[in-house]
1. Run lengths n ≥ 4 of DSSP H only: what is the helix-derived mean residue ellipticity at 222 nm for the chain, with -39500 (n - 2.57) per run over all residues, to the nearest 500?
2. Arranged by the count of other C-beta atoms within 10 angstrom, fewest first, what order do H139, H296, H166 take?
3. Take peptides 197-205, 31-39 and line them up by average Cβ neighbours within 10 Å, highest first, as a rough protection proxy.
4. Grab the Cα-Cα distance for E292 and E38, subtract it from 0.36 nm times how many residues apart they are, and report the gain in nm with one decimal.
5. With the cut-off at 27 Å, tell me which of the pairs K275/K427; K351/K386; K120/K275; K238/K291 have Cα atoms farther apart than that.
6. Can you compute the FRET efficiency between K20 and R60 using 1/(1 + (r/R0)^6), with r the Cβ-Cβ distance and R0 = 30 Å? Round to the nearest 0.05.
7. Mind computing the radius of gyration and Dmax over the alpha-carbon atoms of region 208-362? Å is fine for both.
8. Grab the other residues whose beta carbon is less than 11 angstrom from that of K233, score K and R as +1, D and E as -1, and report the net.
Amino acid sequence: MSNIREISKKYNLHSWSAQKALAPIVVTKAEGIYFWDEDGNKYYDMSAQLVNSNLGHGNRALIEAIKAQAEKLPFIGPAYAIDVRSEAAKKLVEFAGPAFDGGKVFFTNAGTEANENAIKLCKQYTGRWKFLSMYNSYHGSTFGSSSLTGEPRRFPAEPGIPGFYHFDGPYAYRAPAQVTFKDEADVTAYYLDRFEEAVSREGPNLIAGVFVETVVGSNGVLAPPEGYLKGLKEICAKNGILLVCDEVMAGFYRTGTKFAFQQFGVKPDIVTFAKGSTCGYVPFGGAIVKKEIAEHFEDNKMWNGLTYSAHPMGCAVAVAAIGEYERLDIAGNVAKVGKALGGLLDGLTAKHESIGQARYIGLFAQVELVKDRATKEPFGAAEMGKIIGLLKKEGFSTYNNENGLMVAPPLIITEQELREALAIFDKVLDQVDAMR
């Protein structure tokens, strides 16, 4: 037995955790949808790490791109034009589709930086200073993106930056008890009313941008009801407000299309991305802006800059990743295996009383665990920690946020691999049912 764990605990501060009780798994190798610990135990990576290992572990094309770029030119400042930087920018703007014809991209090193810089772009373009985002959201952990974030991870950054306000986004399962919906159109109408009310209260002429996760990620995997995003954009456009779609988690085929917004008939003004652009092989991210915003900065100075913006290594891997998404027909695999995932989760929901609701789109799902379906009482933090431990003991690796369990495997997963993993999930849910 190595002392890697002890050294890690002694010198590393681990994210989002009280350090004393931690016992991090020592990982020795990873391949495809699996990784192994130092004792030889194999784990299904059912959250694709942090929903970023879209192409799985050990992809040779991404590894070779890193090696080739390191040999050729590992770094040059962002002011210089180089082949891979130009290629990555062109491919990513094209990847965003017709909504961004004539647009440009500002490259960052992570999703939180992408949103941070999108905030600044909105302020510079509109001359306004207020922002709206959903309570049920996570946009990152730097100061601006923490202010955008609506869930409790914003608390350590408070009091935050002035001008950031929140509204209730669509979450029909957790709507107020006195609110009832006849159909999906009712859900859309109700939550658009909540949004328009927030715009009115904060002054439409003061709001620079509205940030939404196109599909809410860690806070529920909540796909917007039909017509919601289009209605949101119409309200924004009417008031000169920019709509920013945060696709740090939902982008790069996670929901089935290149970017999730392409499924909902909406054209955002800015789309932010990170995770799936390089699948975690190197840090990378960015904000793609529409043509009008790009043209604004032709004659107006853009006050955004990072030492490692458009880093050659990140650009090289992003180009390789786009090639791999196409070569491996990831869109086709997500459509096929995503359908199987939905059917399997529906079956588990019918079987296990501890599942309040399972929500899914593409290979992006969350299972919300409750003690009582009638009252929707959630499992608590200690109980969720125990459940995560039970799953890992059986070789099913994922994470939770509050009472929601993430099911978002690498997009290369086969249907057979998915069925094997969810058989483990089924087994552990028998124990969860008994915990209610």
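We did not get these values from a lab; they are worked out from the coordinates using the rules stated. Computed from a prediction, not measured in an experiment: that's the story for all the values here. When we count neighbours, we look across all protein chains shown, and the Cβ atoms used for this are built from the backbone with ideal geometry, even at glycine.
1. On the way: 14 runs with 175 residues, N = 436.
Only helices count here, giving -12500 deg cm²/dmol.
2. Working: H139 32, H296 15, H166 19.
Neighbour counts put them in this order, fewest first: H296, H166, H139.
3. Working: 197-205: 14.3, 31-39: 15.9.
Packing order, densest peptide first, comes out as 31-39, 197-205.
4. On the way: separation 254, 0.36 × 254 = 91.44 nm, distance 5.28 nm.
Between E292 and E38, full extension yields 86.2 nm more.
5. On the way: K275/K427 31 Å; K351/K386 21 Å; K120/K275 21 Å; K238/K291 19 Å.
Check vs 27 Å cut-off fails for K275/K427.
6. Working: r = 40 Å, r/R0 = 1.34.
Working from the Cβ atoms, E equals 0.15.
7. Cα radius of gyration and Dmax of region 208-362 are 17.8, 61 Å respectively.
8. Values: positive: K230, K238, K267; negative: E234, D269.
Around K233, the charge tally is +1.
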